[in-house]
Amino acid sequence: MGLVDRGRLPAPLTKLFNLGRSYSMWVYQWGLACCAIEMGAAFGSPRYDVMRLGVIPLPASPRQADLVVVSGTVTDKMAPAVKRLYEQMPEPKYVISMGSCANCGGPYWDSYSVTKGVDQIIPVDVYVPGCPPRPEALLEGVVLLQQRIKNEDMAARWRGEGFTPLQRSESEPIVVGGGPIE
Amino acid sequence: MTMLSERQQLSYIAAQAADARLNVELETEGMTLNIGPQHPATHGTLRIIARLDGEQVVWAEPSAGYMHRGYEKLTEVRTYPQVTALINRIDWLGSFANEVPFILAAEQLMEVEAPPRAQHIRTILFELSRIANVSLFLGDLGVQMGAVTPVFMAFRDREYVLNLIEGATGGRFHPNFDRIGGLKDDLPKGWIDETRQVMKKLRNFCDEIEDLLFGNEIFQSRTRGIGVIPAEVAKEYGLSGANLRASGVDWDLRRDQKLPLAYDKVDFKVWTHPDGDSWARCWIRLQEVREATRIVDQLIETIPSGPVMAKVPRIIKVPEGEAWVSTENPLGEMGYYVVSKGELGPFRVKIRSASFNNISITPWVLKGVYVPDIITILASLYFILGDIDR
């Protein structure tokens, strides 16, 4: 796609690409603690079934993934591995931080060995609060991320400018439970 | 359920001998294989460093600490009710079971005892969390051997148990329901009928798993006679729970210990298995889920009436002293050694969690096994990372 490479992409084409990208996300499950089980329930159980949202939870390695869900406590010993995981993923890549521990340290806010928030290491797109969040909350996080991808300026992302919305008005930070979903 | 036939055993020995000869002839170089820190087969962030010779493990060592959250230090700066909220997250699959020994230790120090109704409900919830924990193990077991279906079934039926726990406690995962002197609340209306139905579903689940997984030839050939732990070695390494019972040691704290819980009012069997291999460990856990459903069935019929909370002061100060209480948790023996100096929070809490001792045997049991067997042995040992690293 030469157009994307050069950073010029017509808006209708961007919309089309974004639609396709948002409904074919390969998610890498970076399960660390309690939240990993709720993530397993959301991604691997018949009751919550994430595949109906167009999310495929079974890539063989982070190199094939578009999205990573960091679920659980990130400790200082684990932090380099999380960083390396993120660097292995191909662009464009997205991160959902699941659970209070990954968001801000959670109940271990005063612990000597816990990294207080995975956003100190890697950029995070959607924060899902809860200890642990219910599987439905994670699914809502996925839906919010899909909305974000649909409104993304793909060419700007390619130029390395990070997340740039197509329309300015929708650039609020995303937190699950923060407002109604259209 | 057939044992390996003689012919299979002979071919196994012949294959091993051929491998050994080949290794000597070719002088194959060793290599180091890192499993983890994030690997689907390790239920979390355990890292196994294995030194291989060809396909065989020469030396293996677990590297823990990727999930170390500093529990023992954190308990020193929390009050007793806050500690309860924290220790839910040690073994995250059976959260309620973590609270019980700590609360019992604190009650022992304060010299209060929960009313009989609270003890009864505690025991029911304890067994429900055991079911929630071990049923996921049974599903996950299939994944380790390449069968994906059982995990879907496990998640499906585990949801029923989680709904029960949520109905009674308000927390789906981490109930934080136990209080010093009793329970936060009584059971809701209609809960007992629902429990009766769910226990039936869970027994069906056990039958299904037994048919699909335990009766499967591939499963049998990958677990029978693999990762054998003799009883003496198991005792020396401090194994507990199903891992110890699978080695033929008849040891269960629910039966052997006198605690203010309702286990003396029910009739249940402690299963043991003489083999000590991966198969035995999996089979013991399957039977344990069945026994747990039977225990719950018996207990919900005989809940005594009365209050669920004893008289305790509003602000809890635990008098000076030391107490050690351990219970038979889903993973094995879990105990808390609480030292109190008469403050709002404990002075020191030593946590003895089952998984830490259970994985300490990995260097011994992984020596000489083949690489695919690492996964099955680790799966059958069954640990939870929060329980190892705390």
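Annotations for the structure displayed:
- Positive end of the dipole of the protein assembly as shown (Cβ unit charges, origin at the Cα centre): among A:Ala33, B:Phe268, B:Ile229, the Cα lying farthest that way belongs to A:Ala33.
- Of the chymotrypsin sites (Phe, Trp or Tyr not before Pro) found in segment B:317-381, those that fall in a DSSP loop while having at most 15 other beta-carbon atoms within 10 Å are B:Phe347.
- Cα-centred dipole magnitude for segment B:71-358, charges only on beta-carbon of K, R (+1) and D, E (-1), debye, nearest 20: 600
- Cβ-based charge dipole, the protein assembly as shown, positive-most Cα from B:Ser360, A:Ala156, B:Ile124: A:Ala156
- Chain B: angle of helix B:278-301 to the longest principal axis, Cα-based, in degrees nearest 10: 20
- Antiparallel bridges, percent of DSSP beta bridges restricted to chain B (to nearest 5): 100
- Of the residues B:Phe219, B:Phe268, the one with the fewest other Cβ atoms within 10 Å heads the list, and the complete ranking is B:Phe268, B:Phe219.
- Legend: mean number of C-beta atoms from other chains within 10 angstrom of residue C-beta atoms, peptide A:33-46, equals 6.
- Excluding exposed DSSP-loop GluC sites (Glu not before Pro) (at most 15 other C-beta within 10 Å), longest clean stretch of chain B: B:114-319
- Here segment B:137-178 is treated with +1 on each Lys and Arg Cβ and -1 on each Asp and Glu Cβ, and its dipole about the Cα centre works out to around 100 debye.
- Neighbouring partner chain Cβ atoms per residue of A:109-121, average, 10 Å criterion: 2
- Dipole size of the protein assembly as shown about its Cα centre, with +1 on Lys/Arg Cβ and -1 on Asp/Glu Cβ: approximately 1060 debye, rounded to the nearest 20.
- Those trypsin sites (Lys or Arg not before Pro) in segment B:209-315 that DSSP places in a loop and that have at most 12 other beta carbons within 10 Å: B:Lys258, B:Lys269, B:Lys311, B:Arg314
- Relative contact order (%) - chain B, alpha-carbon pairs under 8 angstrom, separation at least six: 25
- Exposure proxy order (Cβ contacts within 10 Å, fewest to most) of A:Trp109, A:Trp158: A:Trp109, A:Trp158
- Gain on full extension, evaluated as 0.36 nm per residue between B:Asp211 and B:Glu194 minus their Cα-Cα distance, stands at 3.5 nm.
- Counting only other chain Cβ atoms within 10 Å of each residue's Cβ, the peptide B:379-386 averages 2.
Every number here is computed from the coordinates shown, using simple stated rules; none is lab data. Quantities reported herein were computed from a predicted structural model and do not represent experimental measurements. Positions of Cβ are backbone-derived with ideal geometry, glycine not excepted, and every protein chain shown enters the neighbour counts.
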